[in-house]
Amino acid sequence: MNVTLRDLPQIQSLIQAKTLAALVERYSHAEVTDALRTQIQGLRDALLAGEQPDLPDFTSGAFAATIEATIVARRTPPSSGVVNATGILIHTNLGRARLAPEALHAAAEAGEGAQALEFDLETGKRGARGAAAEQLVCQLTGAEAALVVNNCAAAVLLALTALARGRSVIASRGELIEIGGSYRLPDVIAQSGAQLREVGATNRTRLSDYVQAVDAETAVLLKSHASNFRIVGFTGAPTRSELATLARERDLVLMEDLGSGILIDLAAQGLGDEPVVADILRSGVDLVMFSGDKLLGGPQAGIIAGRADLVARLRAHPMFRALRSDKMTLAALAATLRLYLPPHDPLRDVPVLAMLATPVAELRTRAEAIVAQVEGPVELEITDSAAQVGAGAMPERDLQSVAIALRREGQSADALAAALRGAQTPVIGRIHAGRVLLDMRSTAPSDTPAIVSALRALCP
Ligand SMILES: *Cc1c(COP(=O)(O)O)cnc(C)c1O
């Protein structure tokens, strides 16, 4: 007897069956309906494809058990932990900075009990939210004052709204950046209610371009970090000190959107040539804005540091209330910042910086230990690799690294990469020259067991 579409039951009448009505009692009408729809859609698709599927007994206990299993599976939250073996240390789509145990502990503690969050223990009166993290930012950058908000985009939006709304902002054409995830500086300026005055050319902007653009409407000179691109060749821009002098003479605010602000001199470690926040402030920039979860290595946050009178205006602005950070973030940020102070060593204790600073030989040892634990039909080779910081920090800079390269007869690199993503703890690599590379620099030593088990699962 041929099964046809007409043999598929209507969900609303099916749900009256005793076995399924019991599930509605136990779970919910919506969940049972959804699970039934998935089952029946599968049968419908098979029939439309010309197949003859076996129809279950829709009122049986066995069928109800299948539906219940679907509901339970949908209620179980997926484990979201993955191994970042992409070689991009700060990967925005993989959650950016890995937090230090101290930061995780601080966040858990803050979430668990009551906090002196906006409460001064000495006076018993209301205190400043985020005071600990802000004080640490000042200590580490030499800033007069600091303020923490939800992310760097929020920091820029708040600063421009509070200081330039209804007036104009001068920015160089070479710095009107777009970074991933729909952050476009011209759009943020427009959102703040300020008018953008572009000056200079894509590759060169002179101090005189800024000078000529300043008028009675001007409130802010805005510099921004190129983040994810570099212009090389015939280029030029005024120095920060030159812009600072102009800002002082004309009573303007000089602010800089740094994106991935760094607090320690990585150039001294042979790790890039990025200026540190303290030097930028010392050169006369009034306010800098940077992220908590990029090279700083903390939770998602936007930090504003600089002149106390300006920070006070931002703190008093109604928009601050909408952009402020929660207590767990503030606790994790403060704990991360403490890792920059003795007896800690940030290059050892802040995971993002530790990844950056790990010697290549150590990465090679990690790769060898993994390969030694896996046998089977997948070809594994340890190879030199080039990792990147990511998230708009040091875009032109390759970090010397080591990767495990995978190849398998009769399976494409795409299929291998997909299989690794399907592991119990998904392992995310990158594809290069027909092989899947698992880059060690973006992993931690504690990722090794998950990588080994994902590779073993590939080798039946
Ligand atoms: C990354 C970046 C931002 C956005 O930072 P979020 O913390 O993601 O909001 C803003 N400006 C620049 C220059 C950046 O590189």
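Which whole-number percent is the relative contact order of the range 101-345 (Cα, under 8 Å, 6+ apart)?
Relative CO of the range 101-345 lands at 28 percent.
Quick query: amide H of Leu399 versus all other amide H atoms, modeled in the peptide plane; which residues come in under 5 Å with a sequence gap of 5 or more or a different chain?
Placed amide hydrogens put Ala387, Gln388 under 5 Å from Leu399.
What's the angle, to the nearest 10 degrees (0 to 90), between helix 61-75's Cα axis and the longest principal axis of the chain?
That works out to roughly 10 degrees.
Give the residue from Pro77, Thr202, Ala128 lying farthest towards the positive end of the charge dipole for the chain; charges sit on Cβ (+1 for Lys and Arg, -1 for Asp and Glu) and the dipole is referred to the Cα centre.
Ala128
On C-alpha positions alone, give me the angle between the axis of helix 448-458 and the longest principal axis of the chain, in degrees, nearest 10.
Roughly 40 degrees between the two axes.
Determine the distance separating the Cα centre of the range 432-460 from the Cα centre of the range 114-147; give it in Å without decimals.
Cα centres, the range 432-460 to the range 114-147: 42 Å.
Hey, what number do you get for the chain at 222 nm if only DSSP H runs of n ≥ 4 count, each worth -39500 (n - 2.57), divided across all residues, to the nearest 500?
Only helices count here, giving -11500 deg cm²/dmol.
Could you work out the relative contact order of the chain, using alpha carbon pairs under 8 angstrom and six or more residues apart, expressed as a whole percent?
19 percent
Projected area of the chain, taken from the Cα convex hull and averaged over every viewing direction, in nm²?
The number I arrive at for the chain is 30.6 nm².
With N residues in the range 373-436, what two-decimal value do you get for its Cα radius of gyration over 2.2 N^0.38 Å?
Output field value: 1.25.
Once the cut-off is 31 Å, how many percent of the Cα-Cα pairs in the range 101-345 end up in the long-distance tail?
23 percent
Using a 1.4 angstrom probe on the protein heavy atoms only, could you order Phe234, Phe119, Phe229 from most to least accessible area?
Result of the area sort, largest leading: Phe234, Phe119, Phe229.
D for the range 44-84, whole µm²/s, Stokes-Einstein with Kirkwood Rh over alpha-carbon pairs at 25 °C and 0.890 mPa s: what number?
Value of D from the Cα-based Kirkwood radius: 186 µm²/s.
Could you pull out every residue, at least 5 positions away or on a different chain, whose amide H is within less than 5 Å of the one on Ala145? Hs are placed 1.01 Å off N in the peptide plane, and Pro or chain starts have none.
Gly306, Ala308
Please work out the Cα convex hull volume for the range 22-135 and give it in Å³ per residue.
242 Å³
Go through 177-186, 253-262 and give me the packing order, highest mean Cβ count within 10 Å leading.
253-262, 177-186
Just to compare against my own numbers: the Cα pair-distance distribution for the range 361-405, 5 Å bins, whole % per bin, please.
So the P(r) values, bin by bin, are 5, 21, 23, 18, 14, 11, 6, 2.
Please report the spacing between the Cα centers of the range 156-204 and the range 32-53 in Å, no decimals.
Distance between centres, Cα-based: 52 Å.
Select from the range 371-460 those GluC sites (Glu not before Pro) which occupy a DSSP coil region and have at most 14 other Cβ atoms within 10 Å, ordered by residue number.
Here the sparse-neighbourhood loop sites are Glu375, Glu396, Glu409.
With Rg and the Kirkwood Rh both taken from Cα atoms, where does Rg over Rh land for the range 5-75?
Result for the range 5-75 is an Rg/Rh of 0.96.
Restricting to bridges with both residues inside the range 74-205, how much of the DSSP beta-bridge set is antiparallel, in percent to the nearest 5?
If we restrict to bridges inside the range 74-205, about 40 percent are antiparallel.
Based on the mean of other Cβ atoms within 10 Å per residue, sort peptides 268-278, 126-136 so the most packed one is first.
126-136, 268-278
Go from 0 up to the bin containing the longest alpha carbon distance in the range 154-297, width 10 Å each, and give me the % of pairs per bin.
11, 43, 38, 8, 0
Please express the Cα-Cα pair-distance distribution P(r) of the range 78-216 as a list of whole percents, one per 10 Å bin, running from 0 to the bin with the greatest distance.
9, 23, 30, 24, 12, 2
The values are calculated or read from the model by the stated rules, or taken from the named source; none is laboratory data. On a predicted model such as this, the values are computed, not experimentally measured, just so you know. Virtual Cβ from ideal backbone geometry, glycine too; neighbours counted across all protein chains shown. Side chains are part of the model used for accessible areas, which takes the heavy atoms of the whole protein and leaves out ligands, DNA and RNA. Shrake-Rupley method; radii C 1.70, N 1.55, O 1.52, S 1.80 Å.
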